[in-house]
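*Asks:* Dropping a structure here in structure tokens format, bear with me for questions.
Taken together, the values in this text are just the output of simple stated rules run on the coordinates, not laboratory data. Just so we're clear, the structure is a prediction, and the values are computed from it rather than from any experiment. Note that each Cβ is placed from the backbone with ideal geometry, even for glycine, and that neighbours are counted across all protein chains shown.
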Amino acid sequence: MLACNLCGSTKLIDYVDFGKYRLQKCSQCGLLFTDQTSLDTNSLYSKDYFDGVHGNFFADCKVGYEARLDTSKKLQNFKQVLLQIKKMKASGKFMDIGCATGVFLDMAKKEGYDVVGVDISEFACSYATENFGIETKKGKLEDLHLPDKSFDIITMWDVVEHVPDPHTFLHEVYRILKDDGLIFILTVNDSSLMGWIANGIYRGTFKLVPQFTRMIHPIHHNYHFKQKHLKQYLDMAGFQIAWKQKSEMPVENIEGGKFIKGTAQILYAVSELSNLQHEIRVIAKKK
């Protein structure tokens, strides 16, 4: 029987069916998640994921990224987070889970960290190794059997919402992190202005206009956390939040034309004023 990964409740609500996948909502804790039983996850992260389906999202994360450091909001976000991490831990063994093409790790390597990447995509691992000389490990973290307490810093950009089982995943992160280590997570915030508007359109049109809800809840995301859900997951895995910040995906990385991007810019301005941004960034340490 399908159950909520966070609280274990089997009291679920059929939230929305997109055909290729459907969303469930826990009536007890409110967590929204994808019914993964019908998904072929092995085919989701091929070369086309990086160069086709989400080519716009990864456009600045390729060879020659240095030339775009001053103009790319995505790369500036990398720099900002690295600066925050460096304030808290200036050196050490540094792992990026979901390392994609390896650009963030290349930036960390240039700051003096000893870096390694993990990704389930063969294309991503090969790209990072061949173009940036980064050691990579292909596969799910839980299957790699890495040594206990072997990393000082573990980062996860847009990763925890993709994993099949956040509990198991975060407990494995805890196991391989040193006692004085830290983790960084960026993930979605379902309690956001963008989410409320998209879901309001869907419900307000009697489920006839699902496009905006599908954009907010794409097929690649297994979980759609509110801030309270992420905090609860971290707490149950043995972590406490040391730093947090809300943010938005850079407008230039949004999939869509001028109308979509222009609308997003307006909504971003409102969400910043109301503190309802669609992303959460946290740095956490062991309790």
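*Asks:* Can you tell me the FRET efficiency between Ala90 and Asp35 if r is taken as the Cβ-Cβ distance and R0 is 41 Å, rounded to the nearest 0.05?
*Replies:* So the FRET efficiency works out to roughly 0.40.
*Asks:* Convert each backbone phi in segment 206-213 into a coupling constant with the Karplus relation 6.51 cos²θ - 1.76 cosθ + 1.60 (shift: θ = phi - 60°), then list the ³J(HN,Hα) values in order as whole Hz, x for Gly and Pro.
*Replies:* Each residue's phi maps through the Karplus curve to give 6, 6, 8, 10, x, 4, 6, 5 Hz.
*Asks:* Around Glu279, which amide H atoms from residues at least 5 apart in sequence, or from another chain, sit under 5 Å from its own amide H, with H modelled in the peptide plane?
*Replies:* Correct list: Asn189, Ser247.
*Asks:* Can you give me the distance in nm between label points at Asp180 and Arg22, each placed 7 Å from the Cα along the Cα-to-Cβ direction?
*Replies:* So the label points at Asp180 and Arg22 sit 5.2 nm apart.
*Asks:* Which one, Gly257, Gly64, Gly204, has the greatest fluctuation when you compute a Gaussian network model over the chain with C-alpha springs under 10 angstrom?
*Replies:* Maximum fluctuation in the GNM of the chain, among the listed residues, is at Gly257.
*Asks:* Given points 7 Å out from each Cα along the Cα-Cβ axis, report the Gln76 to Glu130 separation in nanometres with one decimal.
*Replies:* According to this spin-label approximation, the distance is 3.2 nm.
*Asks:* Determine the gain in length on full extension of the stretch Lys137-Gln245; use 0.36 nm per residue of separation and subtract their C-alpha separation, reporting nm with one decimal.
*Replies:* Extra length from Lys137 to Gln245 when fully extended: 36.0 nm.
*Asks:* Which whole-number percent is the relative contact order of segment 191-246 (Cα, under 8 Å, 6+ apart)?
*Replies:* Values: 23 pairs, mean separation 14.8, N = 56.
Worked out over segment 191-246, it gives 26 percent.
*Asks:* I'd like the Karplus ³J(HN,Hα) series for segment 268-281: coefficients 6.51, -1.76, 1.60, θ = phi - 60°, whole numbers in Hz, and an x wherever there's a Gly or Pro.
*Replies:* Computed from phi, the couplings for segment 268-281 are 4, 4, 5, 5, 5, 5, 9, 6, 10, 5, 8, 10, 10, 10 Hz.
*Asks:* Counting only residues 5 or more places away or on other chains, whose amide H sits under 5 Å from the amide H of Gly92 once H atoms are built in the peptide plane?
*Replies:* Correct list: Asp114.
*Asks:* Report, ordered by chain and residue number, the aspartates and glutamates lying within cross-link reach of Lys138, taken as a straight Cα distance under 15 Å and ignoring same-chain residues fewer than 8 apart.
*Replies:* Partners within reach: Asp96, Asp119, Glu122, Glu130.
*Asks:* For a protection proxy built on the mean count of beta-carbon atoms within 10 angstrom, sort 114-127, 65-78, 258-271, 160-173 highest first, please.
*Replies:* 114-127, 160-173, 65-78, 258-271
*Asks:* Quick check on the chain: helices-only [θ] at 222 nm, where DSSP H runs of length 4 and up contribute -39,500 (n - 2.57) each and the sum goes over total residues. Nearest 500, please.
*Replies:* -10000 deg cm²/dmol
*Asks:* Here is a further query. What list of ³J(HN,Hα) couplings, whole Hz, do you get for segment 84-97 from phi and the Karplus terms 6.51, -1.76, 1.60, once you set θ to phi - 60° and write x for glycine and proline?
*Replies:* These are the phi-based 3J(HN,Hα) values: 5, 4, 5, 5, 9, 7, 7, 7, x, 7, 10, 10, 10, 8 Hz.
*Asks:* Place the peptides 219-227, 233-241 in order of packing, highest mean first, counting for every residue the other Cβ atoms within 10 Å and averaging per peptide.
*Replies:* Going from most to least packed, we get 219-227, 233-241.
*Asks:* Still on this structure: With respect to the cross-link table entries Lys231/Lys286; Lys228/Lys285; Lys226/Lys286; Lys109/Lys231; Lys231/Lys261; Lys87/Lys109, which display a Cα-Cα separation exceeding 19 Å?
*Replies:* Lys226/Lys286; Lys109/Lys231; Lys231/Lys261
*Asks:* Any idea how far the Cα center of segment 132-166 sits from the one of segment 178-230, in Å?
*Replies:* If we compute the Cα centre of each part, the gap is 22 Å.
*Asks:* So which cysteines of the chain have no other cysteine's Cβ under 4.7 Å from theirs?
*Replies:* Taking the Cβ cut-off of 4.7 Å, the unpaired cysteines of the chain are Cys61, Cys99, Cys125.
*Asks:* Can you give the relative contact order of segment 149-287 as a percent, counting alpha carbon pairs under 8 Å and 6+ residues apart?
*Replies:* Here the relative contact order equals 34 percent.
*Asks:* What percent does the relative contact order of the chain come to when contacts are Cα pairs within less than 8 Å and at least six residues apart?
*Replies:* Answer for the chain is 17 percent.
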